[in-house]
Amino acid sequence: MTASDHVVTRFAPSPTGHLHIGGARSALFCWAFARRNGGRFMIRIEDTDQARSSDESARGILEDLAWLGIEWDDGPSLTLADGRVIGADSRPVGPYFQAQRVPIYHAYIEALVKAGRAYPAFEDAAELEAKRKAAVAAKQTYRYERPADVKPGVFNAARWERAQSGEPHVVRFLALHEEIIVPDQVLGDVRIAAGELDDFVILKADRFPTYHFAVVIDDELMGVTHVLRAQEHLANTPRHVAMQKALVRLPQHSPPGSESRATPFRTPVYAHMPLIFNVDGTKMSKRDKAKAARAALQAKIKQEPALTADVLAPRLGAAAPDIAGFLAKDNDSLEVATAISRVFGVALPEIEVADFRAAGYLPEAICNYLALLGWNPGMKTEDGKDLEKFDNAFLAEHFSIERIGKTNSKFDRNKLLSFNGDAIAALSDDAFIDRWMAWMREFEPAAADRIGAVPRDRLAALAAAIKPRAKTLREGLKSAAFLLRDDEATDFEAKAVEKHMRADDGRGVKLLREFRETLNALLDWSPAGLAAHLDAFAQANGLPNPGPIAQPLRIALTGAAVSPGLGETMAVIGRLSCLKRIDTCLHAV
Ligand code: GLU
């Protein structure tokens, strides 16, 4: 391999929202393939749809990629919290935002028009729409009909002049009558019969290129050798190949010394990856959030028919017609869905990387799980099972296109959750505290203030207690909720109080009172010391197990009869607060 044909892959998101989990999978595979082959991984922001693109979304996507550990060699630069800059050593093939490359696209449009392989077209949208409708009515597939004055390979100067004089127009690619072959490394050669492609638009009326055109120009000029993307793009690829066959590099983009020869565009290696579906077979999309929120709201309305759109409007902070439309499936408004989730405590499915981040997933668990969606290393563990647990370094060493599957993948949330739980459990106590606190500062700042004030050695005891059971960092916070409790809080769960404290003539209350007396003199306030003390107390009182004292104690300390291990819980709360909480409880029940 020479330096010039080093592997270059690219992830090319359109900045019209957050990074979808499927997009993260594409990026991960492109990254891994580049790493495996000693190549470069590039990010290009495809923002030619001006109305839907935003810088904010581009930035969010870059941040999510960085968070996942999918770092790019070439692309927009991103400064991380620690001052490190990703993309600082990019090859000089930018700008990496397509909206900044418009003059380049215009130059190639002109070259194609002059070569008789593209032409300005002047029909207005209404005219085309009428033709499309007529075709549909006649049960025919609509195809744009090439004007009679346009001939393959012949520069149509009259049309070009009309366009140059400012007449509104689009530019269309002139598709030859020829078979197109998309060489795909996952699916094999995909053949499109001659005559299937029509003259599609490559420059829009707003002077921006279409996605198809920009992607072909950029993949060539940016030296992309391998295009790994989801199968939903496969239908577009024949157009891309047709354009690659028609285009040659302009002199200013040609390799030095090649001025006298034309440098034709290459067709990169394509690998279209399987789609990601929900376990129920539906396509995984942003709409799933609306679906979940709608089902929950409909169930609520069934119970409480008085909840009309008008009644709901002020509660949800949304307009009544929007809510009615949402319920009738006329819209999938994310705002309405989010409001329903907030007001009625309905959990919405995570779809975007940002959702998983907020829910307390670890990036390494997400990457590990995503790597298995459409790929597997084909290796066995020591006990003969399929090897499924690995990190990005392993992926960078073993990833190959040959092992990408052809069939659709299922996004199994339970499996991801269990991967995440395992990843959390595998953290050292210290690492857990650091990452848990960092997550909390971002998503639950009030809790971070309270828990951050607990001394580090006590937090270590807490970490040991909650880590093995927390499937997400958010779940960890739920089990640590007792730490956020006020020592004077009196909201003790009534059923638990009845069962564990008042029953049997207040046996639990009595035991708790006696236990409290033993605490003042207790020297060893460590988790182990406290646990041993609890056992000794149970034994001294002739209890067959610590349950009869442990449950009242839990209620007193946390308000409920479930908590992490009592030794750890008491150690974290601290002696003074423990005593206060027990006193509060003994007064209140
Ligand atoms: N901008 C396209 C998208 O976000 C990228 C398609 C491609 O990888 O070529 O879907």
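The values are calculated or read from the model by the stated rules, or taken from the named source; none is laboratory data. Model, not experiment: these values are computed from the prediction. Cβ: placed from backbone, ideal geometry, glycine included. Neighbour counts: every protein chain shown.
Within region 126-145, does at least one residue satisfy the condition of being under 29 Å from Thr267 (Cα atoms), over 39 Å from the mean Cα position of the chain (by Cα) and at pLDDT below 95?
Yes, some residue in region 126-145 is under 29 Å from Thr267 (Cα atoms), over 39 Å from the mean Cα position of the chain (by Cα) and at pLDDT below 95.
Among the residues of region 62-115, which ones are over 17 Å from Gly39 (Cα atoms) and of a type in the set (Val, Ile, Thr)?
Matches in region 62-115: Thr79, Val85, Val102, Ile104, Ile109, Val113.
Just checking, does region 400-408 include any residue being among the small types (Gly, Ala, Ser), surrounded by 15 or more Cβ atoms within 10 Å (Cβ to Cβ) and either in contact with a Lys or Arg (Cβ under 9 Å, 6 or more places away or on another chain) or on the phi < 0 side of the Ramachandran plot (or both)? Steps first, please.
Of region 400-408, the ones among the small types (Gly, Ala, Ser) are 400, 405.
Then keep just the ones that are surrounded by 15 or more Cβ atoms within 10 Å (Cβ to Cβ); that gives none.
Checked region 400-408: no residue is among the small types (Gly, Ala, Ser), surrounded by 15 or more Cβ atoms within 10 Å (Cβ to Cβ) and either in contact with a Lys or Arg (Cβ under 9 Å, 6 or more places away or on another chain) or on the phi < 0 side of the Ramachandran plot (or both).
Say whether the condition of being crowded, with 20+ Cβ neighbours inside 10 Å, within 18 Å of Ser577 (Cα to Cα), hydrophobic (A, V, I, L, M, F, W, C) and out of contact with any Leu (no Cβ under 6 Å at 6 or more places or on another chain) is met by at least one residue in region 461-479.
Yes, region 461-479 contains at least one residue that is crowded, with 20+ Cβ neighbours inside 10 Å, within 18 Å of Ser577 (Cα to Cα), hydrophobic (A, V, I, L, M, F, W, C) and out of contact with any Leu (no Cβ under 6 Å at 6 or more places or on another chain).
Being within 29 Å of Trp375 (Cβ to Cβ) and either under 19 Å from the mean Cα position of the chain (by Cα) or not small (Gly, Ala, Ser) (or both) narrows it down to one residue among Asp55, Asp82, Asp49, Asp74; which is it?
Values: Asp55 fails: within 29 Å of Trp375 (Cβ to Cβ); Asp82 fails: within 29 Å of Trp375 (Cβ to Cβ); Asp49 fails: within 29 Å of Trp375 (Cβ to Cβ).
Testing whether each residue is within 29 Å of Trp375 (Cβ to Cβ) and either under 19 Å from the mean Cα position of the chain (by Cα) or not small (Gly, Ala, Ser) (or both) leaves just Asp74.
Step by step: first the residues of region 215-229, then only those that are more than 9 Å from the ligand (Cβ to nearest atom) and not in a loop (DSSP other than H, G, I, E, B), then the one that is surrounded by the fewest Cβ atoms within 10 Å (Cβ to Cβ). Which residue is that? Step through it out loud before you land on a result.
Initial filter on region 215-229 (more than 9 Å from the ligand (Cβ to nearest atom)): 216-218, 220-226.
Right, trim to not in a loop (DSSP other than H, G, I, E, B) and you get 216-218, 220-221, 226.
Working: Val216: 26, Ile217: 25, Asp218: 23, Glu220: 22, Leu221: 16, His226: 20.
For region 215-229, the residue satisfying everything is Leu221.
Looking at region 507-521, which of its residues are more than 16 Å from Asp583 (Cα to Cα) and surrounded by 14 or more Cβ atoms within 10 Å (Cβ to Cβ)? Reasoning before the result, please.
Taking region 507-521 and keeping what is more than 16 Å from Asp583 (Cα to Cα), we get 507, 521.
Correct list: Arg507 only.
Name the residue that is nearest to the ligand (Cβ to nearest atom), counting only residues in region 13-41 that are of a type in the set (Lys, Arg) and assigned to a helix (DSSP H, G or I). Walk me through how you get there before you give the answer.
Applying the first criterion (of a type in the set (Lys, Arg)) to region 13-41 yields 25, 35-36, 40.
When the remaining residues are screened for being assigned to a helix (DSSP H, G or I), the result is 25, 35-36.
On the way: Arg25: 12, Arg35: 19, Arg36: 19 Å.
Taking the candidates together, the pick is Arg25.
So Glu232 ticks every box in (1) within 13 Å of the ligand (Cβ to nearest atom); (2) in contact (Cβ under 8 Å) with a residue 60 or more places away in the chain; (3) closer than 30 Å to Thr338 by Cα but one. Which box is left unticked?
Unmet for Glu232, out of (1) within 13 Å of the ligand (Cβ to nearest atom); (2) in contact (Cβ under 8 Å) with a residue 60 or more places away in the chain; (3) closer than 30 Å to Thr338 by Cα: (2).
With the requirement that a residue be in contact (Cβ under 8 Å) with a residue 12 or more places away in the chain and assigned to a loop (DSSP other than H, G, I, E, B), what does region 493-521 give you?
Those that are in contact (Cβ under 8 Å) with a residue 12 or more places away in the chain and assigned to a loop (DSSP other than H, G, I, E, B): Glu493, Asn520.
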